[in-house]
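S.K.: Here's a structure for you.
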Number of protein chains: 2
Amino acid sequence: MPKYEIQAEPGSHALAMTATIKGPRKLVFQAYTDPEAIPHWFGLDANCTRVDAMEPRHGGRWRFVETAPDGEEHAFRGVYHDVVPDERIVWTFEYEPWAGHILLEEMLFTDQGDETRIDIRSVFQSVEDRDGMIATGMEEGANQSLNRMEQYVAGLK
Amino acid sequence: MPKYEIQAEPGSHALAMTATIKGPRKLVFQAYTDPEAIPHWFGLDANCTRVDAMEPRHGGRWRFVETAPDGEEHAFRGVYHDVVPDERIVWTFEYEPWAGHILLEEMLFTDQGDETRIDIRSVFQSVEDRDGMIATGMEEGANQSLNRMEQYVAGLK
């Protein structure tokens with residue numbers, strides 16, 4: 001299973017995550033930007049995700065809703081700030097019950113032949129926001145999503 | 001003249017600026033959110049600023065254009081992520097020629113009777129982005145704007 005390497009220096013506003021997955025960059029980028037793709041990989045394994053809004057262009061909005069097995073909904077939203085095909089996405093990210101705590105996230109995709117390196121660089125409004133996010137078990141969730149994305153991309157080929 | 005106290009620890013993604021100006025919080029907030037107000041105070045003293053877009057609500061866009069004495073235009077844009085009347089604004093900020101380098105900025109307004117404290121907390125996508133912004137002479141520009149805002153607010157009363 002692919003895994004993120006996480007870098008979070010104590011006291012910093014920043015968080016960096018890097019992983020390399022199987023699959024060409026074009027398809028990985030597609031998995032990130034195609035509304036049809038999101039339900040296949042975004043979120044925890046045990047949850048279902050639907051796309052309420054997704055406009056991957058400067059100023060476009062997104063909103064994804066995860067439904068847990070007990071029926072509880074967890075909604076995430078944000079705005080795309082930069083989308084460079086196959087290369088880069090910058091968006092903001094909010095967990096709606098914690099609205100107003102916004103993080104700015106850059107995703108970079110690097111072509112490594114049959115594999116793609118994903119670099120995610122986030123900055124949080126405060127060190128507390130960042131540490132709070134890490135404490136939610138974000139790493140486990142991110143790795144579950146990454147694994148499902150790799151499987152999804154394999155299925156596209 | 002009011003002045004920002006600036007805090008920028010070496011190697012950090014964050015920048016904090018604090019100032020206290022004359023004028024009640026309600027009017028200071030209005031100066032930040034009323035399109036009619038922006039040309040009165042935003043930007044360098046020697047420039048004129050026009051508002052191309054300004055929708056101060058979650059997901060709303062803004063775009064301000066400063067025109068220098070030589071006719072050169074400098075455009076800034078972003079998206080409002082949170083607007084709490086009289087209290088808080090969160091927006092993203094981009095200088096268009098440097099598009100894709102985005103900063104996330106929180107502005108907090110604290111009532112201090114006849115005065116208002118403004119706390120601006122910014123996070124940049126990289127330490128280099130932050131240091132580059134500081135090197136542009138941002139501080140001088142911010143203080144010019146702050147001074148004009150105080151004068152504008154005084155005129156509203």
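S.K.: Tell me, which residue of region B:61-75 that is more than 10 Å from chain A (Cβ to nearest Cβ) and buried (at least 17 other Cβ atoms within 10 Å of the Cβ) is modelled with the lowest pLDDT?
M.R.: If we take residues in region B:61-75 being more than 10 Å from chain A (Cβ to nearest Cβ) and buried (at least 17 other Cβ atoms within 10 Å of the Cβ), then B:Glu66 is modelled with the lowest pLDDT.
S.K.: For region A:87-130, give me each residue that is among the acidic types (Asp, Glu), closer than 30 Å to B:Asp119 by Cβ and loosely packed, with under 15 Cβ neighbours inside 10 Å.
M.R.: Initial filter on region A:87-130 (among the acidic types (Asp, Glu)): A:87, A:94, A:96, A:105-106, A:111, A:114-115, A:119, A:128-129.
Going one step further and asking which of them are closer than 30 Å to B:Asp119 by Cβ, we end up with A:94, A:96, A:105-106, A:128-129.
Of everything in region A:87-130, those that are among the acidic types (Asp, Glu), closer than 30 Å to B:Asp119 by Cβ and loosely packed, with under 15 Cβ neighbours inside 10 Å turn out to be A:Glu96, A:Glu128.
S.K.: While we're looking at this one, here's another question. Across region A:1-52, which residue is nearest to A:Glu140 (Cα to Cα) among those that are within 14 Å of another protein chain (Cβ to nearest Cβ) and assigned to a loop (DSSP other than H, G, I, E, B)? Steps first, answer last, please.
M.R.: We begin by selecting, within region A:1-52, every residue within 14 Å of another protein chain (Cβ to nearest Cβ); these are A:7-16, A:52.
Filter once more, so that each one left must be assigned to a loop (DSSP other than H, G, I, E, B): A:8-13.
Details: A:Ala8: 15, A:Glu9: 19, A:Pro10: 20, A:Gly11: 22, A:Ser12: 21, A:His13: 21 Å.
Per the stated criteria, the residue is A:Ala8.
S.K.: With the requirement that a residue be free of Cβ contacts under 8 Å to residues at least 60 places away in the same chain, within 25 Å of B:Val28 (Cβ to Cβ), within 12 Å of another protein chain (Cβ to nearest Cβ) and out of contact with any Ser or Thr (no Cβ under 6 Å at 6 or more places or on another chain), what does region B:90-136 give you?
M.R.: B:Val90, B:Trp91, B:Thr92, B:Phe93, B:Glu94, B:Glu106, B:Leu108
Yes/no per residue for (1) under 25 Å from A:Gly78 (Cα atoms); (2) among the β-branched types (Val, Ile, Thr); (3) modelled with pLDDT under 95:
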{"position": "B:Arg77", "(1), (2), (3)": "yes, no, no"}
{"position": "B:Phe93", "(1), (2), (3)": "yes, no, no"}
{"position": "B:Gly100", "(1), (2), (3)": "yes, no, yes"}
{"position": "B:Phe124", "(1), (2), (3)": "yes, no, no"}
{"position": "B:Asp131", "(1), (2), (3)": "no, no, no"}
{"position": "B:Glu139", "(1), (2), (3)": "no, no, yes"}
{"position": "B:Leu146", "(1), (2), (3)": "no, no, no"}
{"position": "B:Lys157", "(1), (2), (3)": "no, no, yes"}
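S.K.: Also, quick follow-up: Being over 15 Å from the mean Cα position of the chain (by Cα) and of a type in the set (D, E, K, R) is the filter; apply it to region A:1-35 and report the residue that is nearest to A:Arg148 (Cα to Cα).
M.R.: So the residue we want is A:Lys22.
S.K.: Can you tell me which residues in region B:58-79 are in contact with a Ser or Thr (Cβ under 7 Å, 6 or more places away or on another chain) and under 10 Å from B:Glu94 (Cα atoms)?
M.R.: Within region B:58-79, B:Gly78, B:Val79 qualify.
The values are calculated or read from the model by the stated rules, or taken from the named source; none is laboratory data. Since the structure is predicted, the reported quantities are computational estimates derived from the model, not experimental observations. Because the Cβ atoms are built from the backbone with ideal geometry, glycine has one as well, and the counts that use them run over all protein chains shown.
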